[in-house]
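The values are calculated or read from the model by the stated rules, or taken from the named source; none is laboratory data. Note that the structure is a prediction, hence the values are computed from the model and not measured. Positions of Cβ are generated from backbone atoms using ideal geometry, with glycine treated the same way; all protein chains shown enter the neighbour counts. Calculation scope for accessible area: heavy atoms of the full protein, side chains included, ligands and nucleic acids excluded. Shrake-Rupley method; radii C 1.70, N 1.55, O 1.52, S 1.80 Å.
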Amino acid sequence: MSHNSFGHLFRVTTWGESHGPAIGCVVDGCPPGLPLAEADIQPFLDARRPGTSRHVTQRREPDAVRILSGVFEGRTTGTPIALEIQNEDQRSKDYGEIARSFRPGHADIAYHLKYGVRDYRGGGRSSARETAMRVAAGAIARRVLGPGVVIRGALVQIGADRVERDRWDWAETQCNPFWCPDVEAAARWEELLNATRKAGSSVGAVIELVAEGVPPGLGAPIYGKLDAEIAAALMGINAVKGVEIGDGFASAVLSGEENADEMRMRQDGTVEFLANHAGGVLGGISTGQPIVARFAVKPTSSILTPRRAVTVEGEETELRTVGRHDPCVGIRAVPVGEAMLACVLADHLLRHRAQNPEAPSVPRLPRENA
C-alpha cells in the first residue's frame with residue numbers, strides 16, 4: 001500500500017492502524033534550529049483527541065506524543081523527525097460482527113476490492129485515528145511558518161443549521177465543544193447532537209479555516225497551485241466530500257463586478273484589497289490576504305439503524321454498527337483541517353524560499369512619487 005506521504009520539501013509520512021499497538025509519522029524537510037518539544041505538539045493533539053465531550057467518540061486515548069528523532073537539545077536538527085503515539089483503548093471485539101460484512105458508507109468494500117484484505121478493527125488504516133499524526137505534523141508546520149501566520153478553524157454548520165456571521169466571535173470557539181464562533185448556534189447544536197446521539201444516528205458538518213499573515217507569492221501558476229494543493233489536502237481528510245476556497249460555489253451566482261476583488265494603493269507601497277472573494281489566492285498564488293477554505297464532512301457512517309449490506313461471501317445481510325462513534329465527526333475535524341492547512345503552507349513557504357531566496361517578505365510596488 002503506497003501513498004502514505006504528502007508534501008514536497010515539508011514531507012509527512014504516517015503509519016499505523018486504529019487498533020494496532022501505535023500510530024506514528026515521520027516529518028522530513030523541517031529546517032534545523034527551530035525550538036521543538038513534545039509540549040509544543042501536545043496541545044494540538046489534546047484539541048483533537050477522542051473522549052473530550054459526550055458529542056464525540058468515547059474512546060479514551062491520552063494521545064501522548066513522543067519525539068523519537070530529529071530533535072537535539074530542544075531544537076530541530078534538520079534530519080527526519082519521528083513521532084509516535086501509543087494506542088491504549090482498543091476494543092477490537094466491538095467489530096467482530098462486521099469481520100465478514102461490508103459496512104455501508106465505509107471504506108470496507110473499496111479496500112477489499114483493491115487489496116483483497118482489510119483490517120476490520122475500526123477500519124484499520126482508513127480510520128480517522130490516523131489523523132492524530134497529521135495534527136502532530138501540523139504543530140511542527142506551525143513552527144516552520146512562525147508566529148506571524150495564524151491558522152484558525154471553526155465549525156460553521158451542523159446539518160442544515162448554520163452560524164450567523166453577524167455574531168462571529170473567534171474567542172467563542174474556545175468556549176464550547178463545537179469550535180462554534182456563534183454562541184446561539186452552539187446552544188442549538190447542543191440540543192441537536194443530544195437528540196442525534198440518543199437516536200444512534202449522525203449528522204454532517206461544514207468547517208471553515210482562515211490563515212492570516214500568509215505572505216504573498218506562495219504557490220505556482222499551473223501544477224503547483226496553492227489553492228489546488230490546499231483542496232487536495234483537505235479532501236484527503238476522512239469523511240470529507242467537498243472543499244471550496246474563498247466564496248467557492250457561492251461565486252457562481254455573483255456578477256463579474258461583484259466577484260472582482262478591487263484594489264488600491266497604500267501610502268507604504270503595498271496593495272490593499274477591498275474584498276476577498278478569492279480566498280487569498282489568485283492564479284494559484286497567495287496574495288497576502290487571509291487564506292479562506294471550507295470543507296464539508298459527511299454524516300458518520302457508523303449508526304445504530306440497520307442498513308442493507310453484503311458479506312465477503314457475496315450474501316445480502318442487514319448490518320448495524322455498534323461501538324464508540326462520533327454523532328458528528330466534523331467536530332474533531334476542525335484541528336485536523338487546521339493541521340493540513342499548516343502543512344501545505346509550510347511546504348509552499350519552503351518551496352518559495354528555495355526558488356526566490358531574495359524575495360522580500362512584504363513585496364511593494366514602485367510608485368511614481370517614490
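Report, by residue number, each residue of segment 83-110 that is modelled with pLDDT of 85 or more and among the hydroxyl-bearing types (Ser, Thr, Tyr).
Ser101
Return the only residue of Leu193, Leu209 being in contact (Cβ under 8 Å) with a residue 24 or more places away in the chain, closer than 30 Å to Ser127 by Cα, in contact with a helix residue (DSSP H, G or I) (Cβ under 8 Å, 6 or more places away or on another chain) and surrounded by 13 or more Cβ atoms within 10 Å (Cβ to Cβ).
None of the other options fit; the residue is Leu209.
Just need a number here: residues in segment 204-246 that are within 18 Å of the chain's Cα centre (by Cα) and part of a loop (DSSP other than H, G, I, E, B).
Summing the residues that are within 18 Å of the chain's Cα centre (by Cα) and part of a loop (DSSP other than H, G, I, E, B) in segment 204-246 gives 7.
Which number in (1) at pLDDT below 95; (2) open to solvent by 30 Å² or more (accessible area, probe 1.4 Å) marks the one condition that Gln157 misses?
Every condition holds for Gln157 apart from (1).
From Val312, Val336, grab the single residue that is out of contact with any strand residue (DSSP E or B) (no Cβ under 7 Å at 6 or more places or on another chain), over 22 Å from Thr131 (Cα atoms) and surrounded by 12 or more Cβ atoms within 10 Å (Cβ to Cβ).
Unique residue meeting the criteria: Val312.
When you scan segment 144-174, how many residues do you find that are farther than 24 Å from Gly213 by Cβ and out of contact with any Lys or Arg (no Cβ under 7 Å at 6 or more places or on another chain)?
Counting residues in segment 144-174 that are farther than 24 Å from Gly213 by Cβ and out of contact with any Lys or Arg (no Cβ under 7 Å at 6 or more places or on another chain) gives 8.
With the requirement that a residue be outside any loop (DSSP other than H, G, I, E, B) and among the acidic types (Asp, Glu), what does segment 151-169 give you?
Of segment 151-169, the ones outside any loop (DSSP other than H, G, I, E, B) are 151-158, 161-162, 165-167.
Once the filter is applied, which keeps residues that are outside any loop (DSSP other than H, G, I, E, B) and among the acidic types (Asp, Glu), segment 151-169 yields Asp161, Asp166.
Go through the residues of segment 162-170 one by one and say whether even a single one is crowded, with 21+ Cβ neighbours inside 10 Å and at pLDDT 95 or above.
As a first pass, look at segment 162-170 and keep what is crowded, with 21+ Cβ neighbours inside 10 Å: 163.
Adding the requirement that they be at pLDDT 95 or above leaves 163.
Yes, because at least one residue in segment 162-170 is crowded, with 21+ Cβ neighbours inside 10 Å and at pLDDT 95 or above.
With the requirement that a residue be of a type in the set (Lys, Arg) and surrounded by 21 or more Cβ atoms within 10 Å (Cβ to Cβ), what does segment 126-154 give you?
Arg129, Arg134, Arg142
Among strands (runs of 3 or more DSSP E) lying entirely in segment 278-363, which contain 1 or more residues that are in contact with a helix residue (DSSP H, G or I) (Cβ under 7 Å, 6 or more places away or on another chain)? First the steps, then the outcome.
Numbers: elements: 291-297, 307-311, 316-319.
Result: 291-297, 316-319.
Could you list, in sequence order, the residues of segment 13-59 that are in a loop (DSSP other than H, G, I, E, B) and either modelled with pLDDT of 95 or more or among the acidic types (Asp, Glu) (or both)?
Result: Glu17, Gly29, Cys30, Pro31, Pro32, Gly33, Leu34, Leu36, Ala37.
For Met263, indicate whether it is farther than 24 Å from Ser126 by Cβ and among the aliphatic types (A, V, I, L, M).
yes
Please give the number of the condition Val253 fails out of (1) of a type in the set (A, V, I, L, M, F, W, C); (2) open to solvent by less than 30 Å² (accessible area, probe 1.4 Å); (3) at pLDDT 95 or above; (4) more than 27 Å from the chain's Cα centre (by Cα).
Condition not satisfied by Val253: (2).
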